[in-house]
1. Limited to region 117-170, what total is found for residues that are within 11 Å of ASP222 (Cβ to Cβ), near ligand 2 (Cβ under 10 Å from one of its atoms) and either touching a strand residue (DSSP E or B) at 6+ places or on another chain (Cβ under 6 Å) or of a type in the set (A, V, I, L, M) (or both)?
2. Between a first residue in region 40-58 that is of a type outside the set (Asp, Glu) and a second residue that is more than 9 Å from ligand 2 (Cβ to nearest atom) and in a helix (DSSP H, G or I), which pairs have beta carbons less than 6 Å apart while being 6 or more apart in sequence or on different chains?
3. Would you check which residues across region 26-39 are over 12 Å from GLN294 (Cβ atoms), assigned to a loop (DSSP other than H, G, I, E, B) and not small (Gly, Ala, Ser) and list them?
4. Can you tell me which residue within region 53-88, out of those that are closer than 18 Å to THR126 by Cα and among the small types (Gly, Ala, Ser), is farthest from ligand 1 (Cβ to nearest atom)?
5. Name the single residue, out of those in region 146-176 being aromatic (Phe, Trp, Tyr), outside any loop (DSSP other than H, G, I, E, B) and away from ligand 1 (no atom under 16 Å from the Cβ), that is surrounded by the most Cβ atoms within 10 Å (Cβ to Cβ).
6. Is it the case, given these coordinates, that THR43 is at pLDDT 95 or above and either more than 16 Å from ligand 1 (Cβ to nearest atom) or touching a strand residue (DSSP E or B) at 6+ places or on another chain (Cβ under 8 Å) (or both)?
7. With the checklist (1) modelled with pLDDT under 95; (2) surrounded by 20 or more Cβ atoms within 10 Å (Cβ to Cβ) in hand, flag the one item LYS303 doesn't pass.
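The values are calculated or read from the model by the stated rules, or taken from the named source; none is laboratory data. What you see is a predicted model; the values in this text were computed from it and never measured. Cβ: placed from backbone, ideal geometry, glycine included. Neighbour counts: every protein chain shown.
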Amino acid sequence: MTRHFLALHDYTKDELDAMLLLAADLKSKQKNGIPHKLLDGKTVALIFEKASTRTRVSFEVGVFQLGGHGLFMSSGTSQMGRGEPIKDSARVMARYCDGVMIRTFGQEIVDEFAKYSGVPVINGLTDLFHPCQIMADLQTVIEHKKSYEGLTFAWVGDGNNMSNTWIEAAAIFGFKLRLACPAGYEPDSKVMAWAQTKAPGLISLTTDPKAAVSGADVINTDVWASMGQESEQKEREKAFAGYCLDDALLALAKPDAIVLHCLPAHRGEEISDSVIEGKHSVVWDEAENRLHIQKAIMATLIK
Ligand code: CP
Ligand code: NVA
């Protein structure tokens, strides 16, 4: 059976831990010049319906390092952008390629693509989830904190694709997650209900960033207006007043807390320049780890 990587909830903790271990191994091999051509001769299509820097570069470079070929496609320059049905595109692409990564809008688009694709499909971000990013974030946490076990994670900001994926991660991996989101900008209610059932008592939601950050080990934030929400920027700036991860807020966390941001960042909005450039920030390691974890995900799925 073809396995896809559309959401963390399709995987067990053991399966995701195995990917994290493989990512660490592949990172070490890449740093030491040891060949690891696990996708020798394979082609992975990379379909973008939204902008990207990290996802595009890390997937293209990652496939290349694994001995394969990454094929960039954008909806604007393919028939997908002219209304060719997803199910037709999926079946055709699977006749040429060994795997597909898609970045798009609704989660139902990646679900539909996967339903008709005979090859593994990887979610490179939807409005609902960003699973590759959270796996890279966890690899970064493991590198800096030895393990995610026993840590308290805090989310400050929008209840968006990143926070939804953190909620799934907390429930699957079993760590504490405290989210602070303004009223009206809460995470997806179905995702929250699923996680509360799977892991009661681990995840809490408040409107008070200080309550979320106090004593936390890992602090995470993201832009206030995600891709597709650009027209809401001004009203969101008002709603998110007081949600900037700045030095005063970070001072409430554990003294050795680390700060994550998936990037791109808007300095002076969700994060201050001093925090993203400061000693707690591990955002560049986090960005690098997109490369390593995605190689592990592709190598696990694409045979
Ligand atoms: N973090 C992330 O997914 O970055 P890009 O939008 O640049 O791919
Ligand atoms: N929440 C952001 C993440 C970007 C990587 C967005 O969807 O635009």
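1. The total comes to 3.
2. Cβ pairs passing all conditions: VAL44/VAL63; ALA45/MET93; LEU46/PHE59; ARG54/ALA287; ARG54/ARG290; SER58/ARG290; SER58/LEU291; SER58/GLN294.
3. ASN32, ILE34, PRO35, HIS36, LYS37, LEU38
4. Taking the candidates together, the pick is GLY81.
5. Looking at the filtered set, the residue picked out is PHE153.
6. yes
7. Answer for LYS303: the failing condition is (2).
Yes or no, residue by residue, for (1) among the aromatic types (Phe, Trp, Tyr); (2) surrounded by 15 or more Cβ atoms within 10 Å (Cβ to Cβ):
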residue: GLU237; (1), (2): no, no
residue: PHE240; (1), (2): yes, yes
residue: LEU245; (1), (2): no, yes
residue: LEU263; (1), (2): no, yes
residue: SER274; (1), (2): no, no
residue: SER281; (1), (2): no, yes
residue: GLU286; (1), (2): no, yes
residue: ILE293; (1), (2): no, yes
